[in-house]
């Protein structure tokens, strides 16, 4: 219904399908497969999603620790994508599934967080943000939302999908990924950067649609991203984690206003 008038028309919806991430690890006769995660995602860039997830969860630390990725199993329906992907890890990579601190079931709405994620940042990453690097003018910061929005082809059609985009300090959009899950969009973005040898992302800024959750801060820190901006609000735990590791966290970013919660030293304000 629009303006009080009833009408019928077709609508385009964002696709949401499950993806199982499986890994093969070990050497020789000890090598075997294990199902690691099931996530609800928008099909596309699935290899980047799988690799990005493994990286932000501390299972791999470099692209060369992945031998290959391929879809396995069969399609559930003729019009659906393959929904199981196998990541072959290098035989030399040490991986003990019994030491995983949490189960990897995630939903498109929230993902998972907790003590295991905090310890993950503390023990696995060496890409902590560098103080005062980079800096962004406040006037340039206000340009980011529209540039992110205008580069979202699926959102333009459906209105029901999240985005994560990497910018340089001048506000140029460098890369973008979309997904029904905000954490999936970021894993796709980081997975692409890892495959291209661009990690750590110490001189770039990340903008996400929606809110800034704890999990997004955790994943950004794993990739060395120093600035995280969100259209919506951050959670209290997201602010605490960003503060602890020296990240600049910006929320409610609009054309005419924004809130800086941590790391104000990277934002250059006019006198």
- Breaking point among (1) outside any helix (DSSP H, G or I); (2) at pLDDT 95 or above, for residue 51: (1)
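So if I check each of 242, 193, which one is within 24 Å of residue 39 (Cα to Cα) and in contact (Cβ under 8 Å) with a residue 24 or more places away in the chain?
Numbers: 242 fails: within 24 Å of residue 39 (Cα to Cα).
Answer to the selection: 193.
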- Item | Residue list for segment 240-271, filter: surrounded by 19 or more Cβ atoms within 10 Å (Cβ to Cβ), over 20 Å from the mean Cα position of the chain (by Cα) and modelled with pLDDT under 95 | none
- Note on the structure: The lone condition residue 68 fails out of (1) assigned to a strand (DSSP E or B); (2) modelled with pLDDT under 90 is (2)
- Message: Looking at segment 71-91, can you tell me whether even one residue there is closer than 30 Å to residue 212 by Cα and at pLDDT below 90?
- Response: yes
- Item | Selection count where residues are touching a residue at least 60 places away in the same chain (Cβ under 8 Å), under 17 Å from residue 67 (Cα atoms) and in a strand (DSSP E or B), scope segment 18-35 | 6
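Out of curiosity, is residue 161 buried (at least 22 other Cβ atoms within 10 Å of the Cβ) and within 16 Å of residue 232 (Cα to Cα)? Outline the logic, then answer.
Details: buried (at least 22 other Cβ atoms within 10 Å of the Cβ): yes; within 16 Å of residue 232 (Cα to Cα): yes.
When the stated conditions are applied, residue 161 passes them.
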- Please enumerate the residues belonging to segment 195-206 that are crowded, with 24+ Cβ neighbours inside 10 Å and touching a helix residue (DSSP H, G or I) at 6+ places or on another chain (Cβ under 6 Å). 206
- Message: I need the full set of residues from segment 134-166 which are in contact with a strand residue (DSSP E or B) (Cβ under 8 Å, 6 or more places away or on another chain), over 14 Å from residue 231 (Cβ atoms) and at pLDDT 90 or above, in order please.
- Response: 134, 135, 136, 137, 138, 166
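The values are calculated or read from the model by the stated rules, or taken from the named source; none is laboratory data. The structure presented is a predicted model; accordingly, all values stated were derived computationally and were not measured. Here the Cβ is made from the backbone with ideal geometry for all residues, glycine too, and neighbour counts use every protein chain on show.
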